[in-house]
Amino acid sequence: MKLGEIAQRLECKLEGDAGIDITGVAGIEEAAPGQLTFLANRRYRPAVATTRASAILIAPDAGDVPLAALRSSNPYLDFARALEFFHPAPAYSAEVHPTASISRTAKIGAGAHIGPYCYVGENVEIGLNAILHSFVTIYRDAKIGDDFFAHSHAIIREECHIGDRVTLQNGAVIGSDGFGFAKQADGSWYKIRQAGIAVLEDDVEVQAGAIIDRATIGETRISRGAKIDNLVQVGHASKVGKNSLLCGQVGLAGSTRVGENCILAGQVGAAGHLTIGDGAVVTSQSGVPNDVPPGALYSGYPAIENKSWLKSVAVFNRLPELQKQVRELTAEIEKLKSQAQ
């Protein structure tokens, strides 16, 4: 593909030879001649001088570069779009594999691809152009919109609702029982019937091994455009706002409210029955026991405002030195007391 065609399709300003042949895309340090790369993180700026790529996606204000450039207001996004030019998504034919088990009461829209050993239960409704790869299980009364894609071993439990253009990666489970038990007089635990559902709105993606529990009553809701990373646990009756990101191994205890456009980085844990405000960011391995204000940047455990956390960490690193100083000062005070007597 010619560089000029890529510039046109991405609507980027071209600087350099439009006739350069581009055969693929790659990161700035790994790129070879004939490939398109990108610069989105300033840490990689020195690599611009040494990259072997034939062209680069770069911001309009990023200065001169020694190779052909596509000026983009969002180089990372346009790199993702360019990646699809060379690696299109695989196509699936409209067919039902003979090993699939589909209830006679299920309603499945046109264009569906249902792979080996899938199970679709009673009264399930699935929209147009669904792809169920293999070993996908959909329990009774689930409702699913158009352009649904479920990879192998994804599961949707009974009565859950799934919007349009939802993707479930391998082993994702939607609507598993919430963790609800009541203690009995003899000390044993009585399982609380999980009578609610889980709802995924349009354009949600749930990645491998992530679990969205159903509510005890009511619903657990993942709002439009939210992305749930591998091995995330969303507890019963939690709500995740529009376009929020829950990164790997995040855990939300029951009834957590995450606002819109939030980012919870890897291994963040929320205690439950709390609210994380719109636009908040919580950094990796933080523990959240209380509400987080909108737009805040929180870190640590218990999670506090990031600047305060960084100051606390700086003090913590100096504790041996401070302890030594306290001992010396204490000894000096005792000495002065002794002399005064």
Q: Scan region 303-313 and give yes if some residue there is acidic (Asp, Glu) and outside any helix (DSSP H, G or I), otherwise no.
A: yes
Q. Hey, among ASP278, ASP229, which residue is touching a strand residue (DSSP E or B) at 6+ places or on another chain (Cβ under 9 Å), within 30 Å of ARG165 (Cβ to Cβ) and either buried (at least 19 other Cβ atoms within 10 Å of the Cβ) or of a type outside the set (A, V, I, L, M, F, W, C) (or both)?
A. ASP229
Q. Going by the structure shown, is SER308 without any contact (Cβ under 8 Å) to a residue 40 or more places away in the chain and under 30 Å from PHE179 (Cβ atoms)?
A. no
(Q) I'd like to check something: does region 306-321 contain any residue that is more than 29 Å from the chain's Cα centre (by Cα), more than 30 Å from ALA265 (Cα to Cα), at pLDDT below 95 and surrounded by 10 or more Cβ atoms within 10 Å (Cβ to Cβ)? (A) no
Q.
Within region 81-89, does at least one residue satisfy the condition of being within 26 Å of the chain's Cα centre (by Cα) and acidic (Asp, Glu)?
A. yes
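One line per residue, one yes/no per condition, for (1) farther than 25 Å from LEU252 by Cβ; (2) in contact with a helix residue (DSSP H, G or I) (Cβ under 8 Å, 6 or more places away or on another chain):
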| residue | (1), (2) |
| --- | --- |
| SER284 | no, no |
| PRO293 | no, no |
| TYR298 | no, yes |
| ILE304 | no, yes |
| TRP309 | no, no |
| ARG318 | yes, no |
| LYS324 | yes, no |
| ARG327 | yes, no |
Q. When you scan region 23-105 for strands (runs of 3 or more DSSP E) that lie fully inside it, which ones turn up with 1 or more residues that are touching a Lys or Arg at 6+ places or on another chain (Cβ under 9 Å), more than 30 Å from THR137 (Cα to Cα) and aliphatic (A, V, I, L, M)?
A. 55-58, 68-71
Q.
Is it the case, given these coordinates, that GLY254 is within 15 Å of ILE211 (Cβ to Cβ), touching a residue at least 60 places away in the same chain (Cβ under 8 Å) and either in contact with a strand residue (DSSP E or B) (Cβ under 7 Å, 6 or more places away or on another chain) or assigned by TED's automatic domain parsing to the domain that holds ARG214 (or both)?
A. yes
Q) Counting just the residues of region 48-58 that are among the aliphatic types (A, V, I, L, M) and surrounded by 17 or more Cβ atoms within 10 Å (Cβ to Cβ), which one comes out nearest to ARG81 (Cα to Cα)? A) LEU57
Q. Quick one: which strands (runs of 3 or more DSSP E) sit completely within region 125-224 and have at least 1 residues that are in contact with a Gly (Cβ under 6 Å, 6 or more places away or on another chain)?
A. 197-200, 211-213, 219-222
(Q) Please verify whether ARG193 is assigned by TED's automatic domain parsing to the domain that holds HIS133, on the phi > 0 side of the Ramachandran plot and of a type in the set (Lys, Arg), treating the condition exactly as stated. (A) no
Q. So which of GLU219, GLU159, GLU201 is over 19 Å from ILE114 (Cβ atoms) and under 19 Å from the mean Cα position of the chain (by Cα)?
A. GLU201
Q | region 204-216 - residue that is of a type in the set (A, V, I, L, M, F, W, C) and closer than 19 Å to PHE148 by Cβ and, of those, nearest to the chain's Cα centre (by Cα) | A | VAL206
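The values are calculated or read from the model by the stated rules, or taken from the named source; none is laboratory data. Being a predicted model, the structure only gives us computed values, none of them experimental. Every residue, glycine among them, receives a Cβ derived from its backbone with ideal geometry; neighbour counts consider all protein chains shown.
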